[in-house]
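What follows is calculated from the coordinates using simple rules that are stated; it is not laboratory data. Computed from a predicted structure; not experimentally measured. Here the Cβ is made from the backbone with ideal geometry for all residues, glycine too, and neighbour counts use every protein chain on show.
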Amino acid sequence: MELKNLLVIAPSPHFRDSVTTTSVMRDVIIALMPALVASVVIFGARSLVLEVACVAACVLFEGLFNLATGRKQTIGDLSAVVTGLLLAFNLPVDLPIYMAVIGCFVSIVIAKQLFGGIGQNFANPAILGRVVLVVSFSQAMTSWLIPQRTEAGLELVSGATPLAVLTTGGTPSQSYGQLFLGIGKGGCIGEVCGLALVLGLVYLLVRRIITPTIPLAFVGTVLLFTLMLGQDPIAHILSGGLLLGAIFMATDYSTSPVTEKGKLIFGIGCGVLTVVIRVFGSYPEGVSFAILLMNILTPHIDRLTKAKAFGGVYDEK
Amino acid sequence: MSLKRSLSGIKVRHCKNTAAAPVEIMPTPDVVVLPMQQHMGTPCDVTVAVGDQVKIGQVIGDTTSYMAAPIHASVSGTVVRIEDYVSPAGVASKAVVIEADKKQERDPNLAPPVVNGYDDFLKAVRASGLVGLGGAGFPAHVKLKPRSSVDTLVINAAECEPYITSDHHIAMAEMDCLLSGIAAIKKYLDITRVVIGVEDNKPDLIKALKEFCRYDDTILIHSLRSKYPQGAEKVLVYETTGRIIAEGMLPADVGVVVMNINSICFLARYLQNGVPLVKRTVTVDGGAVANPKVLTVPLGTRYQDLFDYCGGFKSEPRKVIMGGPMMGITVYDLNSPVLKNNNAVLAFDQAQIDGFEESACIRCGRCVRACPFNLMPAALEKARIAGDLAALRELKVNLCMECGCCSFVCPAKRNLVTSNKMAKKLLREKGGKK
């Protein structure tokens, strides 16, 4: 056979795993699908409008930023889709679309791209987007609609979330089962159905996208800490954004530590801060702030938890 | 059962397509190219001249340097050229080109070595031209004179790289040689225990070895989980003996000598018949090869001749690799010769070279989890790009064995192991004293 091309000279290894950045992001999107379906079932079609709008805005902002700065186009890696979905999951169902789009701008342009794009951001983009929306549009971001099934169909009635009840010393009216399934419960569209989120977790673990360390340490710490404070730990775990945060937000690669030891410290820190904010702070929800604060500490945790090499000889310090 | 934790590693496709194929003896090629550097250490000097008639086993290159092994003519014929040669790894040396007369006459002076003690034994090993046949080509006579006293011989039959089957075939065919080779090494090195490490993807070899060694209770057959890189020296020693070869140590410092199974079989043959290392068994495979085969060929046989014998290419070869896909080196020329430590020759087609485009690190931590030595390849890459020598030292880049697990698992397809190699070079050149 006549050779048409020169032989390729390349460094080893000449085999590569089939996992790519895009396939990782695709798996995260798949893991988010149960929660997406649950949001539409629980809150109606407006949820889907919000989700589609956020995904579209995030992808658009990422694409435009890359065009404007002459960087390589990265929308194909699907990470902007993940950010869009996660931000939408953190919003109330009736939030005006323009506000959501502002959140997307903060997430993609400010939190992610201005710091160098994927892998370089120090703060979780979706969380920063949410936090900016909470402080900018606090009225719209903290008024909740509770879905109620009536003869006429789905009705959304404003009311308090179980977490707001819980953190002001009351007892949520819903059973644990209702809290876990997201029935008759107000909250952000993607956080209310614990079952859907846990299904996503199982998928992420089976596909080895994440290790269980951060979710377990986060939720476990909340459980122990609230128990010590005499609160209802199960209600704490099943209310608010804890499961969404612990499974999908705190496990973000860029903004959480690399080693398992680091992840453990990170998860415990998230748990402690969440409970402190929920129980002692003026905000009912502390998950976003807790994760954001731990994001800031991540480089330091990484520095303290460097892996020790097999057979490595280290100077005594 | 011990409680020690296994080292990390990766699952790779085995691709042992030629495991059941018979070993074929390839007809003598028209020409062989014998570089003077086929081992780790000092290159040999050419000891023949253009026009000389040579016979099989005749020394054509040697040196007085300790860290070297002589080179022998692998065919009988005429020295037609002494040319400049650059190895696929970029090392320049001379190469002797011999045109085969196809008579395949052996040097009449070849005779079994007379061995009356350890010194004679080491001399014989050096004279045989033996270097590690499985990996880096470390001269065997150096390895067999350990700097500390040893009690254990670890035999590497892991063959953890995909595609490669040559050790497997040799071990199955030459089991009696294996035992006499072990006996010789035990005799001269005060070895009390022998462990043969085999990956469990070769159940036939494990079964046969157990059967064959059943009367010798100093020989243990250790079945290793099929997980790359079980055959890497430090990994193999740890998995089979639990001993940790720490930073700055050699296997001998933990009482171990490690040898490839194929090397031991060869050594036994040499002690019996005195024929030096002039041929080897090589796996020829890869997506572009029409009929993958396992071939026994004279050293110096050119890759083009191997591929021709395997029915040529069924698709255009885009990447030709000396060695396995994990650690093998790409060659730039199909006239590259088979070297002593060259256990496989692979030709990959376009489909096998796609999907290697680098993108940004997403900090997923897969490289850290995959590294058998618990290094942090992504952090090392950052430190290297920043020129941070202190961080490179602290993160122990010097311990990297260059197995390639990090690059393999990286979803962003970053060339992490290449970065480690560059970082090690940077430390050697600029690092100075610690």
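At-a-glance table
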{"quantity": "Computed lengthening from A:VAL157 to A:VAL49, 0.36 nm per intervening residue step minus Cα-Cα distance", "calculated": "37.0 nm"}
{"quantity": "Pairs of Cα atoms farther than 39 Å apart, the protein assembly as shown, %", "calculated": "47"}
{"quantity": "Sequence-separation-based contact order of the stretch A:96-238, relative, with Cα cut under 8 Å and 6+ spacing, percent", "calculated": "14"}
{"quantity": "Cα gyration tensor category, rounded, prolate or oblate, for the stretch B:251-374 with a/c compared to 1.5", "calculated": "oblate"}
{"quantity": "In order through the stretch A:99-113: 3J(HN,Hα) via Karplus (6.51 cos²θ - 1.76 cosθ + 1.60), integer Hz, x for Gly, Pro", "calculated": "5, 4, 5, 4, x, 4, 4, 4, 4, 7, 7, 7, 6, 9, 6"}
{"quantity": "Two-site label geometry, B:ALA246 and B:ASP52: point separation in nm, points 7 Å out along Cα→Cβ", "calculated": "4.9"}
{"quantity": "Computed over the stretch B:265-396: relative contact order in percent, which uses C-alpha pairs under 8 Å that are six or more apart", "calculated": "21"}
{"quantity": "Cβ charges +1 (Lys, Arg) and -1 (Asp, Glu), total dipole of the stretch B:27-86, debye", "calculated": "140"}
{"quantity": "Highest-MSF residue in chain A out of A:PRO13, A:PRO284, A:PRO172 [GNM, Cα springs under 10 Å]", "calculated": "A:PRO13"}
{"quantity": "Debye, to nearest 20: dipole size of the protein assembly as shown, +1 on Lys, Arg Cβ, -1 on Asp, Glu Cβ", "calculated": "1100"}
{"quantity": "Range in chain A, longest, excluding exposed GluC sites (Glu not before Pro) [loop by DSSP; at most 13 other beta-carbon atoms within 10 Å]", "calculated": "A:152-315"}
{"quantity": "Centroid-to-centroid separation of the stretch B:219-286 and the stretch A:198-277 [C-alpha atoms, Å]", "calculated": "46"}
{"quantity": "Length-normalised contact order of chain B in % [C-alpha pairs under 8 Å, at least 6 apart]", "calculated": "18"}
{"quantity": "Long-range tail of P(r) for the stretch A:163-317 (Cα pairs > 21 Å, %)", "calculated": "46"}
{"quantity": "Computed over the stretch B:60-183, the ratio Rg/Rh where both radii use C-alpha atoms and Rh is Kirkwood", "calculated": "0.98"}
{"quantity": "Debye log10 I(q)/I(0) for the stretch A:116-164, one point scatterer per Cα, at q = 0.26, 0.31, 0.32 Å⁻¹", "calculated": "-0.97, -1.08, -1.09"}
{"quantity": "Tail fraction, Cα-Cα pairs, the stretch A:1-104, threshold 23 Å, whole percent", "calculated": "44"}
{"quantity": "Farthest positive-ward along the stretch A:113-266 dipole, Cα basis, beta-carbon charges - from A:PRO257, A:SER173, A:VAL222", "calculated": "A:PRO257"}
{"quantity": "Restraint check, B:LYS16/B:LYS396; A:LYS72/B:LYS382; B:LYS16/B:LYS279; B:LYS55/B:LYS293, Cα-Cα greater than 25 Å", "calculated": "B:LYS16/B:LYS396; B:LYS55/B:LYS293"}
{"quantity": "Spatially close lysines, pair count over the stretch B:134-269: Cα under 15 Å, gap of eight or more or interchain", "calculated": "6"}
{"quantity": "Computed over the stretch A:195-248, Kirkwood Rh from alpha-carbon pairs, angstrom", "calculated": "11.6"}
{"quantity": "Measure of compaction for the stretch A:47-142 (Cα Rg per 2.2 N^0.38 Å)", "calculated": "0.99"}
{"quantity": "Most mobile listed residue (B:SER87, B:SER407, B:SER148) in chain B, GNM with C-alpha springs under 10 Å", "calculated": "B:SER148"}
{"quantity": "Lys, Arg +1 and Asp, Glu -1 on Cβ, resulting dipole of the stretch B:255-382 about Cα centre, debye, nearest 20", "calculated": "480"}
{"quantity": "Dmax and Rg, reported as Rg then Dmax, of the stretch B:388-434 (C-alpha, Å)", "calculated": "11.2, 36"}
{"quantity": "Over the stretch B:161-257, volume per residue of the alpha carbon convex hull, in Å³", "calculated": "106"}
{"quantity": "Antiparallel DSSP beta bridges within the protein assembly as shown, as percent of all bridges there, nearest 5", "calculated": "65"}
{"quantity": "Normalised convex hull volume, chain A, alpha-carbon set, Å³ per residue", "calculated": "192"}
{"quantity": "Ascending count of other beta-carbon atoms within 10 Å, so fewest first, for B:LYS145, B:LYS227, B:LYS187", "calculated": "B:LYS187, B:LYS145, B:LYS227"}
{"quantity": "Helix-derived mean residue ellipticity, 222 nm - over chain B, DSSP H n ≥ 4, -39500 (n - 2.57), to 500", "calculated": "-7500 deg cm²/dmol"}
{"quantity": "Cα centroid separation - the stretch A:289-311 against the stretch A:121-140, whole Å", "calculated": "23"}
{"quantity": "Estimated [θ] at 222 nm from DSSP helical runs (n ≥ 4, -39500 (n - 2.57)) normalised by residues in chain A, nearest 500", "calculated": "-17000 deg cm²/dmol"}
{"quantity": "A:VAL135-B:GLN272 pseudo-label distance in nm [points 7 Å out on the Cα-to-Cβ vector]", "calculated": "8.1"}
{"quantity": "Modelled FRET efficiency - R0 25 Å, B:PHE212 with B:ALA290, Cβ distances, 0.05 increments", "calculated": "0.10"}
{"quantity": "Convex hull projection area averaged over all views, chain B, Cα basis, nm²", "calculated": "21.0"}
{"quantity": "Descending Cα extents along the principal axes, the stretch B:175-326, whole Å", "calculated": "50, 37, 33"}
{"quantity": "Modelled FRET efficiency - R0 30 Å, B:ALA21 with A:ILE9, Cβ distances, 0.05 increments", "calculated": "0.55"}
{"quantity": "Listed residues B:ALA49, B:ALA157, B:ALA252, most fluctuating in chain B (Gaussian network, C-alpha, under 10 Å)", "calculated": "B:ALA49"}
